[in-house]
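Visitor: Sharing a structure here in structure tokens format.
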Amino acid sequence: MTTPRVRMSPDARREQLIELGVQLLGRRSLEELSIEVLAEEAGISRGLLYHYFGGKQEFHVAVVRRAADDLFTVTAPRGSGSPLEQLAGSLERYVDYVRDNYEGYVSLVRGAAGGHEALREIYEESRTALTDRLFDGAVAEEASDLGLTDTPTVRLLVRGWAAFMEEVVVEWVRDPRGVTREELLHTLVGSLPGILAPLRPA
């Protein structure tokens, strides 16, 4: 007796295809992630994929937006420990995410820098969300020792720190140059208080 095939709703099927796209993005660049590749991996026709996404650009945007949401979730503070310990945990998970999804992550960064409007919007939203939460919630309430008082100057410096951190991590994954993961994390965790140090009262 054969098991009856469960028919998925269009929304559920689209979600499944987006998740598959995110998995594939971890192993290849966005340019290599085509409708044809996804159709082959999913075992369905290209025509059906065009029905769900309309075209390659819509597919890419859906996958990248989901990947950005995943990154935000993965790096969320866990709610225990000092602000510096929570920052260290978030950075550790960020480094591991970039390492495990290098091709796709770099594709997002390059696509945003190259003027791809939709990717630039997702990238900017993602970076803003990642930095804004340093000023929200339990971490911010206890983070005065880091210098994270919510002022325009501090927000500007945190934004610059995020860009610095991203560049260092991407470059480290590409070529560690003998720097261990532990050394990298120690340096990144200490860099934010160091950048903010001149703003703290003497």
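The values are calculated or read from the model by the stated rules, or taken from the named source; none is laboratory data. Quantities reported herein were computed from a predicted structural model and do not represent experimental measurements. Quick reminder, even Gly has a Cβ in these numbers, built from the backbone with ideal geometry, and neighbours come from all protein chains shown. Accessible surface areas use protein heavy atoms only, side chains included; no ligands, DNA or RNA. Shrake-Rupley method; radii C 1.70, N 1.55, O 1.52, S 1.80 Å.
Visitor: DSSP loop (so not H, G, I, E, B), at most 15 other Cβ within 10 Å: list which trypsin sites (Lys or Arg not before Pro) in region 43-98 pass both filters.
Guide: R78
Visitor: What percentage of the solvent-accessible surface of region 1-84, computed with a 1.4 Å probe over protein heavy atoms, is contributed by carbon and sulfur atoms?
Guide: Solvent-exposed carbon and sulfur of region 1-84 make up 51 percent of the total.
Visitor: If you project the alpha carbons of the chain onto the principal axes, what extent comes out on each, in Å, largest first?
Guide: So the three principal-axis extents are 74, 35, 33 Å.
Visitor: Where only protein heavy atoms count, and the probe is 1.4 Å, what is the accessible area per residue for the chain in Å²?
Guide: Value for the chain: 56 Å² per residue.
Visitor: What list of ³J(HN,Hα) couplings, whole Hz, do you get for region 118-127 from phi and the Karplus terms 6.51, -1.76, 1.60, once you set θ to phi - 60° and write x for glycine and proline?
Guide: Karplus values, whole Hz, x for Gly and Pro: 5, 5, 4, 5, 5, 4, 5, 4, 5, 5.
Visitor: Let me ask another. When only DSSP loop residues count, what GluC sites (Glu not before Pro) in region 1-95 have their Cβ near at most 12 other Cβ atoms within 10 Å?
Guide: Answer by residue number: E31.
Visitor: Relative contact order, percent, of region 30-173 when contacts are C-alpha pairs under 8 Å separated by at least 6 residues?
Guide: Once divided by the residue count of region 30-173, the mean separation gives 23 percent.
Visitor: Same structure again: Quick one: in region 42-84, what % of C-alpha pairs are over 16 Å apart?
Guide: 57
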